[in-house]
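Here's the structure we're looking at; comments come further down.
The values are calculated or read from the model by the stated rules, or taken from the named source; none is laboratory data. Being a predicted model, the structure only gives us computed values, none of them experimental. Every residue, glycine among them, receives a Cβ derived from its backbone with ideal geometry; neighbour counts consider all protein chains shown.
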Amino acid sequence: MQRIVVTRRLPGDAHERIRGSADVRVWPDDRPIPRDVLEQQVADADGLLCMLTDRIDAPLLERAPSLQVVSTMAVGTDNIDVDACTERGIRVGNTPDVLNGATADMAIALLLAAARRIPEGMTYVREGRWRRWEPELLLGAEVHGSTLGIVGMGRIGTEIARRGLGFGMRVLYHNRHRRPEIEAQLGTLYRSLDELLAESDHVVLSCPLTEETYHLIDAQALDRMQPTATLINIARGPIVDPRALEHALRTGQIFAAALDVTEPEPIPADDPLLALPNCLIVPHLGSATLQTRKAMADLAVDNLLAGLRGEPMPACVNCHLIGR
Ligand code: DGY
């Protein structure tokens with residue numbers, strides 16, 4: 001019987017589906033599986049269903065001689081050394097598409113909340129400071145009719161663009177490769193990163209974390225943005241240099257930021273960003289709806305089981321390189 005390690009309890013009936021076919025070990029705790037436990041558990045595992053919080057690197061793979069499939073319940077694979085998996089013939093599955101809508105919704109929710117100062121308004125009311133209507137109370141940044149700049153025009157970026165168009169926004173994008181088909185379909189306009197940062201009222205980051213995008217938004221990039229602009233990160237924390245962002249928010253170099261992801265993640269409770277009224281931070285909730293998380297778990301299980309049966313995986317990032 002094949003052996004499977006699952007690094008967290010999964011939503012829906014995912015466990016029942018796996019249990020029927022293999023000897024399954026599930027990490028039962030709410031916190032991520034400790035590294036030493038994961039190292040022990042993969043020693044005889046054929047399949048690993050992991051989370052974005054697990055680091056799947058070459059030293060771990062060294063300890064997993066029979067591993068055939070790594071299936072992550074996430075679209076991002078920056079926590080996995082995909083090259084090391086490919087070298088060992090280990091197929092890597094992820095969960096694209098099923099989370100596009102929920103994550104794009106979150107981007108817009110954060111954009112609206114930051115631009116219209118919703119958390120500040122809530123604090124104001126809760127602190128009993130709301131005495132009267134005031135013509136200049138908590139004035140925010142306009143959203144409808146403004147310019148939205150999307151960095152990373154993949155599947156999620158495209159969904160964000162659609163939503164921006166619904167708000168009557170002019171949509172600019174920057175991407176590694178220009179996307180003429182999206183430009184033709186949606187009327188989005190390609191810009192270099194510098195042009196996009198300078199022209200946009202709201203900048204949304206939806207690109208993968210790679211060596212090229214690490215601290216892509218640094219002091220220089222923030223300096224190019226307008227003092228009235230907002231920055232939204234729904235991608236990965238390390239795309240933004242947090243100390244440069246803190247400085248930009250503190251000095252009014254940009255108007256506000258909303259982060260679904262942070263560096264480090266989770267962000268420590270004493271991080272200075274948390275003390276800034278113009279910085280909104282939520283705990284990596286982009287795909288966190290009942291339906292989407294269930295769909296992600298289902299797809300992660302589909303990938304795992306197909307991979308272990310030697311069948312084509314519904315979503316595989318390196319199968320074309322392995323030739324299976
Ligand atoms: C992903 O899937 O990569 C997201 O960050 C979590 O939903």
note = Scanning the range 300-317 for residues that are of a type in the set (Val, Ile, Thr) and not in a helix (DSSP H, G or I) gives Val317
request  = Starting from the range 72-90, take each residue that is under 11 Å from Leu61 (Cβ atoms) and not assigned by TED's automatic domain parsing to the domain that holds Pro208 and list its partners that are more than 11 Å from the ligand (Cβ to nearest atom) and among the charged types (D, E, K, R), counting only C-beta distances under 7 angstrom and pairs at least six apart or across chains.
outcome  = Asp81/Asp57; Ala84/Asp57
key: Qualifying positions in the range 54-98 - hydroxyl-bearing (Ser, Thr, Tyr) and either surrounded by 18 or more Cβ atoms within 10 Å (Cβ to Cβ) or at pLDDT below 95 (or both)   = Ser71, Thr72, Thr77, Thr95
inquiry  = I'm trying to understand the selection: among the residues of the range 1-18, which are loosely packed, with under 14 Cβ neighbours inside 10 Å and either free of Cβ contacts under 8 Å to residues at least 12 places away in the same chain or of a type in the set (Phe, Trp, Tyr) (or both)?
reply    = Asp13, Glu16
From the options Thr228, Thr213, residue that is under 27 Å from Ala288 (Cβ atoms) and surrounded by fewer than 23 Cβ atoms within 10 Å (Cβ to Cβ) = Thr213
query = If we keep just the residues of the range 268-292 that are within 16 Å of the ligand (Cβ to nearest atom), out of contact with any helix residue (DSSP H, G or I) (no Cβ under 7 Å at 6 or more places or on another chain) and in a helix (DSSP H, G or I), which is farthest from Val98 (Cα to Cα)?
reply = Leu290
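Which residues, counting only those in the range 250-263, are touching a helix residue (DSSP H, G or I) at 6+ places or on another chain (Cβ under 7 Å) and either exposed (fewer than 14 other Cβ atoms within 10 Å of the Cβ) or in contact (Cβ under 8 Å) with a residue 40 or more places away in the chain (or both)?
So the first thing to find is which residues in the range 250-263 are touching a helix residue (DSSP H, G or I) at 6+ places or on another chain (Cβ under 7 Å), and the list is 253-254, 256-258, 260-263.
Ala256, Ala257, Ala258, Asp260, listed by residue number.
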query = Which residues, counting only those in the range 82-138, are away from the ligand (no atom under 16 Å from the Cβ) and among the acidic types (Asp, Glu)?
reply = Asp83, Glu87, Glu120, Glu127, Glu134, Glu136
